[in-house]
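Structure record follows, encoded as structure tokens.
Throughout, read-outs are computed from the coordinates displayed, never taken from laboratory work. Remember, predicted model here, so these are calculated numbers, not experimental data.
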Amino acid sequence: MDPTRVGDASFATSEWGGAPDLPRLLARLLGTVGPLLGAAACSVALTEGARTLRFVAATGAGAADIVGQTMPTDRGVAGWAVTTGQAISVGDVESDARFHRDLAESTGYVPQHITAVPIMNEDTTVGVLEVLDGDRTLLTSAAGTAALHGMVATAADLIGSLGQTSASSAQRATVDALVRLDDADPDLVEHLNEVIQALAGGRGGHRR
């Protein structure tokens with residue numbers, strides 16, 4: 001089934017784990033927070049069994065082509081993050097043997113830099129969030145790191161509750177990740193607070 005597109009975001013239209021709105025919410029999360037990281041593209045892939053990842057939401061370059069695709073967990077930077085349970089940042093993908101070039105080429109966009117962070121539900125890895133060609137200075141700053149981990153925490157919250165997370169819980173997951181850092185940009189904290197409130201508040205609306 002072809003993905004649904006809203007602006008430059010795409011998401012799977014099939015029901016996922018009993019939560020038909022989950023891919024749409026993940027796409028909105030990527031589309032609102034990803035640009036704060038200067039990302040050319042962002043995506044979320046969820047595990048299907050122990051050996052497969054399926055991309056269910058994406059925004060930016062190649063988004064419409066990556067959603068719905070699958071890859072084995074023993075391939076790619078995303079697969080490495082899932083199998084090891086560790087975040088990874090690859091500055092030059094062409095020189096890294098883990099890079100799944102064939103998959104990237106199939107989307108029409110081949111990144112130079114990939115950051116991949118596993119999405120955890122308690123002690124289980126349930127997926128991976130990737131940021132392609134993000135602003136590397138921002139990604140290594142305190143505020144950028146907090147924004148990235150806040151986005152992953154919110155994705156985990158949404159996935160873990162199958163899209164039924166309350167607004168206050170989703171908001172807390174992101175904002176708490178930011179305010180724990182003393183030097184986090186207060187304007188970024190405020191903006192992400194508004195973003196997550198808007199994200200959670202849109203769950204009752206119609207599907208576009």
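Quick one: which residues, 5 or more positions from Leu53 or on another chain, have an amide H under 5 Å from its amide H? H modelled 1.01 Å from N in the peptide plane, none for Pro or chain starts.
Result for Leu53 returns Glu48, Met71, Thr73.
If amide hydrogens are placed 1.01 Å from N in the peptide plane, which non-local residues have theirs closer than 5 Å to the one on Asp135?
Those qualifying (amide H under 5 Å, at least 5 residues apart or on another chain) are Gly38, Ala39.
State the Cα centre-to-centre distance between the stretch 83-156 and the stretch 45-81 in whole Å.
11 Å
On full extension of the chain, what length is gained from Asp92 through Glu105, given 0.36 nm per residue of separation minus the C-alpha to C-alpha distance?
Answer, rounded to one decimal: 3.1 nm.
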